[in-house]
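Worksheet: the structure to be examined is printed underneath.
Nothing in this text is a laboratory measurement; each read-out follows from the coordinates by a stated rule. Everything numeric here is computed off the predicted structure, so don't read it as measured data. Glycine gets a Cβ as well: all are built from the backbone with ideal geometry, and neighbour counts include every protein chain shown.
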Amino acid sequence: MDVSQYLEVFIEEAKEHLQALNEHLLILEKEPENENTINEIFRAAHSLKGMAGTMGYKRMQKLTHDMENVFQEIRSGKMKVRPELTDCLFEGLDALQEYVDNIINTQDEGTNDNQPLIDTLAHELEVGLKGDAAAAAPAPEVKAETAPAPEPAAAPKASSVVYADHEKMAIKEAAAQGLTTYEIHVDLQESCLLKAARAYLVFKAVEEFGEIIKSVPDAQMIEDEKFDLSFVVCVLSKATPEDLRKRVLNVSEVKEVTVEKVTFDNVQVAETAETEKKEEEKKPVPQAPTASAAATASTQKPAGQTTQKKAVVNRSVRVDIEKLDDLMNLVSELIIAKNGLASISPDDYAGKEKRSAFNEQIEYLERITGNIHQSVMKVRMVPIESVVNRFPRMIRDLSKKLDKPMELYMSGEETELDRTVIDEIGDPLMHILRNSADHGLESAEVRKSLGKPEVGSIFLNAYQEGNSVVIECSDDGGGINTEKVKAKAIEKGTITEEQAETMTEKDFIDLLFKPSFSTADKISDVSGRGVGLDVVKSKIESLSGTVECRTALGQGTTFTIRLPLTLAIIQSLMVIIGDEKYAIPLGSIDTIEDIPIEEIKKVEKKEVVNLRGSVIPLVRMADILEVPVKKPEKNTVTMVVVAKGEKKAGLIVDDLIGQLEIVIKSIGKYINNSKIISGATVLGDGEIALILDANALV
Amino acid sequence: MADGTDVSNVVESKQYIDVMINNEQYGIDINFIDNIVRMQRITRVPKAQDYFPGVINLRGEIIPVMSLRRRFGFEDDVFTPKTRILILKPEPQASIGFIVDEVKEVINIKEEEIDRVVTSDDKNTFIAGVGKHTKGLVSILNISAVLQDKEQD
């Protein structure tokens, strides 16, 4: 079967399952007894295995399978969760991630067998089972189950099914009665939709020949469709293998059947110490998926198993981002057309009545386009969770690697951001978190001596604020030592000593965002290579966002990232400078003031104005933009106060037009774009207005 | 995109748009041309290169416009009813407009009728070669050189 059409679905789902595994494994590490989590893990691993098998990714399937075995033992309570085990399992997840990455890039899982990892897993399994058994029960429990994976490299088939003691006895007895035990390996077709139903028919067919003593997976699992395309049925029968084979093959959608003879000697025995389990299993499980069998089996299963098979119905569709972009472009056009319509004065065409009717319709249109715009924007919004959910795992690994106990607290994961922003924000956030973990937090000993809790805390907090989203990353570590930054900056020649004298604390912190500036004394694997904060800054600025850093020595550091909710359509203030129209994004505007000319003061040859106690530098836009026609000076000037973080500047413009919803367009790559212009927009009358980037002016 | 002026392997003739700039004939490979529009209002972009008078709005798309006269160091444009803006698409997502004095016609020039220019003279680098045509000599523009911004390099 050609599975390439399912590749995208596979990749998406594999990612989801891996994420779920990561999250739950983290929980399991902390709460080893959490039953729900174990079940959750088991289910995710199982689905992943099934999917990998269906897609023909054998290596991935094998590894998942081995991990699943471990989960199985944990779930059945035969094994305790130990740190070495979780480490090993996390490594396994990384290896699986690698497979998925390979598949994304090349559609192939790659050639890495991860044999060492599989060996480690097997070892952990062994050690875990032994250690636990020694402590708890006298009889060792060995259950090296190698379920019917369609993996040729798997254990030889004859001994692939593990039998309990009583089952073995049954085989022996049967042999005495002249019955032969057969293992029937059934492979269903990949396209098979109702696997449980097919399996039921197979069971029915086999029952005609004799007694079914065992199936792998067990009847309950099969009934719940918790198996891949293959399963094994063990039957005591007088019939010939060929008859069995033919009968089972008669069931539709069965792809392949192999029948193997099992003798008493080549049977793998699982010695079980749990007498009650024996009791359960002594009852033969003949009529496979019948109510009674289900009831028997379900007593063995942890509660919630049966309820969990119902997947949460997800009322969502996956849509190609390009289709959304198209939709977005159309909405943009619509808004331009609407603005165009609104700018046509109806005076010339109609009488008073028609004029008001026209205006009414325009308002109606405005409302609709506004709503459509918002809806489309909302469709493009993705919760920030999809980016930050990988961080707990990262912090856990860092904690081990750096040997610093630390804990990540996240809030506001449900805050939504535009898809384009989400895709880009992951790396900068990761940089900042790594910085916090590596440089920010002190080692446990230092923390102890300072009277802080030994476990360091890192907080990741996201929330919406007006038209932007704020992401705060803070730690309760040592803070930034500005003296150290100063010394380093002078040593590196970034600043001179004279400059350093006049610099404020904040200026020093800003130095950290300069390219190749790192204060870490030693370059670690984690961070400190001097690429980081400058990359963070440029990335965030390319998303029209800002990043700020506040720090208190000995108390911690906070990075505040501010991002616009959307990039395509914004509210802006239209202004006139010279005889040209410009747009200033509303998001960056603080206030608008009329300033009498005599209030403009000069400080160090720069024009400033004292606005309600704060000194704001003035920027004469007509000069900056070199407008060809300058308006004569008036007695008062109009000042648009823009803010970039805590910094402010007053842009002096000639006139205000008003607020307008504008569609941001690029002015192309050929034209030399000084940073002041962030794009352009088409006004209702077809005229172009350039968009000023307030960030570049402050 | 491949350099459209590199036609050494093609034997047949190629089509060029014959335009007038400062009373000289220039040929622009027709494969680059997306559209030819009349002169329209140009919005100045502050701090741009001096040969970019600004941007125009072409059906909602914003396109930077270059003055070939200024680019070649001739006298500044005098807009007449004959002035046109050639819209070129050197890359799928990046259009650019060239202001020319006049667009004459589409001409066919065979490869062997083009003299390749190999001088390193500064101004001549904009010219890929000189083609012979019934109505005289036509300088074939080297589009990528025209688009290349020396100051940025």
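Within the same chain, aspartates and glutamates fewer than 8 places from A:Lys452 are excluded, and of the rest, those with a Cα less than 20 Å from its Cα are A:Asp403, A:Glu407, A:Asp438, A:Glu442, A:Asp475, A:Asp476.
3J(HN,Hα) along the range B:84-89: 10, 10, 7, 9, 10, 10 Hz, from the Karplus curve 6.51 cos²θ - 1.76 cosθ + 1.60 with θ = phi - 60°, whole Hz, x for Gly and Pro. Label separation (A:Glu501 vs A:Asp119): 6.7 nm, computed from points 7 Å beyond Cα along the C-beta direction.
Placing pseudo-labels 7 Å out from each Cα toward the beta carbon at B:Asn23 and A:Lys80 gives an inter-label distance of 9.9 nm.
Using the reciprocal of the averaged 1/r over all distinct C-alpha pairs, how large is the Kirkwood radius of the range A:1-93 in Å?
The Cα-based Kirkwood calculation yields 13.5 Å.
Each part reduced to its alpha carbon centroid, the range A:350-398 and the range B:33-58 end up 32 Å apart. Summing Lys and Arg as +1 and Asp and Glu as -1 over all other residues whose Cβ lies under 10 Å from the Cβ of B:Gly60 gives a net charge of 0.
Just so you know, the Rg over Rh for the range A:384-564 is 0.96, from Cα atoms, with Rh as the Kirkwood radius. If the Kirkwood radius is taken over C-alpha pairs of the range B:19-149, then at 10 °C and 1.306 mPa s the Stokes-Einstein diffusion coefficient equals 104 µm²/s. How charged is the neighbourhood of A:Glu548? Take every other residue with its Cβ under 11 Å from the Cβ of A:Glu548, and add Lys/Arg as +1 and Asp/Glu as -1. Overall, the nearby charge balance is +3.
Listed from fewest to most Cβ neighbours within 10 Å, the set A:Thr180, A:Thr681 follows the order A:Thr180, A:Thr681. Under 14 Å from a label point set 7 Å out along the Cα-to-Cβ vector of B:Met39, the amide N atoms of the range B:78-109 belong to B:78-86, B:99-103. Database remark: amide H of A:Glu190 closer than 5 angstrom to no amide H (H placed geometrically; neighbours at sequence offset of 5 or more, or on other chains; Pro and chain starts carry no H). Inter-chain neighbour count for B:44-53: the average number of beta-carbon atoms from partner chains within 10 Å of each residue's beta-carbon is 6. Rounded to the nearest 0.05, the FRET efficiency derived from the C-beta distance between A:Ala337 and A:Gln659 at R0 = 22 Å is 0.70.
The charge dipole of the range B:14-146, taken about the Cα centre with unit charges on the Cβ atoms of Lys, Arg (+1) and Asp, Glu (-1), comes to about 440 debye, rounded to the nearest 20. Counting every alpha-carbon pair across the range A:321-382, the share separated by more than 18 Å comes to 45%.
Largest first, the extents of the alpha carbon coordinates of the range A:573-698 on the three principal axes equal 40, 32, 26 Å.
Residue-wise HN-Hα couplings along the range B:129-137, as the Karplus relation 6.51 cos²θ - 1.76 cosθ + 1.60 with θ = phi - 60° gives them from phi, are x, 10, x, 8, 9, 3, 9, x, 8 Hz; Gly and Pro carry x.
Sequence-distant contacts, meaning Cα pairs under 8 Å at least 6 residues apart, place the relative contact order of the range A:398-523 at 24 percent. Averaging Cα coordinates gives a centre for the range A:13-31 and one for the range A:653-698; these two points are 46 Å apart. Mean partner shielding of peptide B:56-65, defined as the number of other chain Cβ atoms within 10 Å of each residue Cβ, is 6.
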